[in-house]
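A short worksheet on the structure shown next.
The values are calculated or read from the model by the stated rules, or taken from the named source; none is laboratory data. Here the structure is a predicted model, which is why all the values come from computation and not from measurement. When we count neighbours, we look across all protein chains shown, and the Cβ atoms used for this are built from the backbone with ideal geometry, even at glycine. Quick note on the areas: whole protein, heavy atoms, side chains included, nothing else; ligands and nucleic acids left out. Shrake-Rupley method; radii C 1.70, N 1.55, O 1.52, S 1.80 Å.
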Amino acid sequence: MNMPIRPRRLRGSSGLRCMVRETRVDKSSLIYPLFVREGKGIREEISAMPGQYRYSLDTLPEKLNRLADAGVGSVMLFGIPDRKDPVGSGAYDDDGIVQRAVRVVKREAPELLCITDVCMCEYTDHGHCGVLCDHGVDNDATLPLLTRAAVSHARAGADMVAPSDMMDGRVAAIRAGLDAAGFENTPIMSYAVKYSSAFYGPFREAAGSAPRFGDRKGYQMDFHNAREGVREALLDEAEGADIIMVKPAMTYLDLVTRVRDAVHVPVATYSVSGEYAMVKAAAAQGWIDETSVMCEMAVAAYRAGAQIYLTYFAEELAKCMDEGRIG
Ligand code: PBG
């Protein structure tokens, strides 16, 4: 048949397929979210996230070493404090759980980049991402607390801070606070485009951070909106964000592409707890192949335009990259 154009020609062998790959992935771009808690000898599984654990500081090194050996680039630390209060003071305690965990990461696995999640919801007794006023979460009163948290993380040795609270103006506030404290070279990865999402369900169980009343719709984004996401990304870039994140990942890849086209900083996307839980649950039933689905989700995020990928599957993905399943 006379058919000069045959796309199948370039699919004829694995060598050819590999040569013409449009999306290349790399272990150094993987970030593994890690939950740290008070106590000793603790490694407790999170029920809605099989294979994910809360670690006390003494059980953390083993996991850190495994991640580093696998070649995962970074960890993102989430703290689970013993005590909570209305103003989330554990978030900016120099001796708080995250601050101590940062020191463990830097000592035990200095090759890992240590990023910290900056938010109030794990530390407030009401579970909201800021301090309260009579009509909800008080944006401007929360900014100094987030700034204090970020500076204390930097002082503990964090390589990067990642505000996830969605208060307006927090990137500018944190940038100014870091600079004033002598941390002008500590980058900010902003959860700039963060939707109010039911996919965070398992995380809130893991971190004990579900709001006691109401929801987060007054500060996290409405999932009907995409142009607003671009606006959030541009604002945070202008405020000095060094990396822009879109979250969740799988159901927001349109935003990854749009944001990638709009900003001039690297773009990250976070495959959140609910995405992980769905894969695990379906795989446990034998309904999907876990490794294949995990790989496909990851490559889709990079293909959409992310340069950085946060995932609870980071260690397994690193192995798949080594084995050439994706790459
Ligand atoms: C803290 C925070 C959340 C997640 C990351 N940082 C929870 C939330 O906003 O309710 C979710 C991560 C996940 O679901 O894996 N604000």
Requested in this report: Enumerate by residue number the GluC sites (Glu not before Pro) in region 108-168 meeting two conditions: DSSP loop (anything except H, G, I, E, B), and at most 15 other Cβ atoms within 10 Å of the site's Cβ.
Outcome: GLU111
Report summary line: For region 24-243, the percent of accessible surface on carbon and sulfur atoms (probe 1.4 angstrom, ligands and nucleic acids excluded) is 50 percent
Requested in this report: Report, to the nearest 10°, how far helix 97-108 tilts away from the longest principal axis of the Cα atoms in the chain, using its own Cα long axis and a range of 0 to 90°.
Outcome: 50 degrees
Report task. Report ³J(HN,Hα) in whole Hz for each residue of region 282-298, in order, from the Karplus equation J = 6.51 cos²θ - 1.76 cosθ + 1.60 where θ = phi - 60°; Gly and Pro get x. Result -> 5, 5, 5, 7, x, 8, 9, 8, 4, 5, 5, 5, 4, 5, 5, 4, 5
Query raised in the report: What angle, in degrees between 0 and 90 and rounded to the nearest 10, separates the Cα long axis of helix 139-156 from the longest principal axis of the Cα atoms of the chain?
Result: 80 degrees
Query raised in the report: For region 36-94 and region 150-221, what is the separation of their C-alpha centers, rounded to whole Å?
Result: 17 Å
Report summary line: Note: region 157-292, point scatterers on Cα, Debye, no solvent; log10 I/I(0) at q = 0.21 Å⁻¹ equals -1.25
Query raised in the report: Per residue, how many Å² of accessible area does region 23-87 show with a 1.4 Å probe?
Result: 42 Å²
Query raised in the report: Can you give the relative contact order of region 40-104 as a percent, counting alpha carbon pairs under 8 Å and 6+ residues apart?
Result: 25 percent
Query raised in the report: What translational diffusion coefficient, in µm²/s and rounded to a whole number, does the Stokes-Einstein relation yield for region 24-243 at 25 °C and a viscosity of 0.890 mPa s, taking the hydrodynamic radius as the Kirkwood radius over Cα pairs?
Result: 140 µm²/s
Report task. Of the listed pairs LYS217/LYS247; LYS40/LYS84; LYS63/LYS217; LYS63/LYS280; LYS280/LYS319, which have alpha-carbon separations greater than 23 Å here? Result -> LYS63/LYS217
Report task. May I ask you to evaluate 6.51 cos²θ - 1.76 cosθ + 1.60, the Karplus curve with θ = phi - 60°, for each residue of region 188-193 and list the ³J(HN,Hα) values in order in whole Hz, giving x for glycine and proline? Result -> 10, 9, 8, 6, 6, 10
Query raised in the report: Using the Cβ atoms and a cut-off under 12 Å, what net charge is assigned to the surroundings of ARG258, where Lys and Arg are +1 and Asp and Glu are -1?
Result: -1
Report summary line: GNM on the chain, Cα springs under 10 Å; top mean-square fluctuation among ARG303, ARG103, ARG24 goes to ARG24
Requested in this report: Would you look at the GNM of the chain, springs on alpha carbons closer than 10 Å, and say which of GLY218, GLY88, GLY71 moves the most?
Outcome: GLY218
Report task. Treating the angle as unsigned and between 0 and 90°, give the value, to the nearest 10°, between the Cα long axis of helix 253-262 and the longest Cα principal axis of the chain. Result -> 80 degrees
Requested in this report: Could you list the trypsin sites (Lys or Arg not before Pro) in region 68-101 that lie in coil according to DSSP, counting only those with at most 12 other Cβ atoms within 10 Å of their Cβ?
Outcome: ARG83
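Please report the relative contact order for region 24-243, taking Cα pairs under 8 Å with a sequence separation of at least 6, and give it as a percent rounded to a whole number.
After rounding, I find 18 percent.
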Report task. Quick one: which residues, 5 or more positions from MET221 or on another chain, have an amide H under 5 Å from its amide H? H modelled 1.01 Å from N in the peptide plane, none for Pro or chain starts. Result -> LYS194, TYR195, SER196
